[in-house]
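The values are calculated or read from the model by the stated rules, or taken from the named source; none is laboratory data. Everything quoted here is computed from the prediction, not taken from an experiment. In this analysis, Cβ positions are derived from the backbone assuming ideal geometry, glycine residues included, and neighbour counts consider all displayed protein chains.
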Amino acid sequence: MTRRAAEIRLDALLRTACDVIAERGLANTRTADVAQAAGVSQALVFYHFATKERLLAQAYAYAVEQDLARLDAVVRSSAPPLVKLRRLIKLHTPTGRSASWSLWIDGWSESLRAPEVEKLSRRLDLRRREDLAAIISDGVREGTFDCPDPVGAAWRINAVMDGLAVQLAVHERVIPRRQSTEWIRLVAARELGLEPAQLDWSAPAQERSRRAEQPPRQPQPDSVG
């Protein structure tokens, strides 16, 4: 096997391992499960990973790096803070029983017993909050956001996203996905002095602006007679 072929095969195995872990859980995933899902022999799995523990740790690390790469693409873009905020919230908003959120939730649980997994989980969680706080701080400096405590706001917004993600990923149909998205926008808007419509990434820019500037609907007086 050439070095390039080995690298390609390793990447494919890691992606497959992440899928298997998301379905079976870290504690219940075997090297045989990964080999079967990838359509390769167990010997090839052990060629790349000496032990099951190394396979699981590298697969989780691979998933973390993939998520960080998506986060970096948002943070390093030249977009203004409000656009970055919308993109970041969309990136981390729970979308039901997704494989990625199953993996992160399982990682939080496994972190109680596995120091290596805890280190990786902590790195991802802290980066999410640090990058969100940096975007908020940039928006405050530009006058887009009104927030006296960007770090605290980032923790609170992330806490809401994480909590709703657990409900959607673990307890199916407890709350609608649309409702969870609206709550996240509402919390973020209140933290940053915005209107929730300004954080709606699904609406065109002009529509977001119109909805944000629209005065609140006044209650109608009761009819007489």
Residues in the range 167-186: is at least one touching an Asp or Glu at 6+ places or on another chain (Cβ under 6 Å) and not aromatic (Phe, Trp, Tyr)? no
State yes or no: is ARG190 within 23 Å of LEU124 (Cα to Cα), assigned to a helix (DSSP H, G or I) and of a type in the set (Lys, Arg)? no
Please state which of the following conditions LEU26 fails to meet, knowing it meets all the rest: (1) at pLDDT 90 or above; (2) crowded, with 17+ Cβ neighbours inside 10 Å. (1)
Out of (1) modelled with pLDDT of 90 or more; (2) closer than 19 Å to ASN158 by Cβ; (3) touching a Lys or Arg at 6+ places or on another chain (Cβ under 8 Å), what's the single condition that is false for ALA79? (2)
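Per-residue answers, yes or no, for (1) aliphatic (A, V, I, L, M); (2) at pLDDT 95 or above:
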{"site": "LEU132", "(1), (2)": "yes, yes"}
{"site": "ARG141", "(1), (2)": "no, yes"}
{"site": "GLN179", "(1), (2)": "no, no"}
{"site": "GLY193", "(1), (2)": "no, yes"}
{"site": "GLN214", "(1), (2)": "no, no"}
Tally, over the range 112-143, of residues that are surrounded by fewer than 18 Cβ atoms within 10 Å (Cβ to Cβ) and among the polar types (S, T, N, Q): 1
What pairs can you find where one residue is in the range 39-61 and within 23 Å of PRO115 (Cα to Cα) and buried (at least 18 other Cβ atoms within 10 Å of the Cβ), the other is among the charged types (D, E, K, R) and at pLDDT below 90, and their Cβ atoms are less than 6 Å apart, with a gap of 6+ or different chains? ALA57/GLU116
Scan the range 161-198 for residues that are in contact with a helix residue (DSSP H, G or I) (Cβ under 8 Å, 6 or more places away or on another chain), of a type in the set (Gly, Ala, Ser) and under 26 Å from LEU82 (Cα atoms) and jot them down. ALA165, SER180, ALA188, ALA189, ALA197
Condition check: within 19 Å of ILE89 (Cα to Cα), modelled with pLDDT under 90, among the polar types (S, T, N, Q) and loosely packed, with under 11 Cβ neighbours inside 10 Å. Does SER223 satisfy that? no
Flagged in the range 128-176 as among the charged types (D, E, K, R) and under 15 Å from VAL74 (Cβ atoms), in numbering order, are ARG128, ARG129, GLU130, ASP131, ASP138
Tabulated pairs, the range 127-141, first on the phi < 0 side of the Ramachandran plot, second modelled with pLDDT under 95 and small (Gly, Ala, Ser), C-beta under 7 angstrom, 6+ apart or interchain: none
Kindly list, by first and then second residue, each pair from a residue in the range 165-189 that is free of Cβ contacts under 8 Å to residues at least 12 places away in the same chain and closer than 25 Å to ASP106 by Cβ to a residue that is part of a helix (DSSP H, G or I) and polar (S, T, N, Q), limited to pairs with Cβ atoms under 8 Å and residues at least 6 apart or on different chains. VAL174/GLN167; ILE175/GLN167
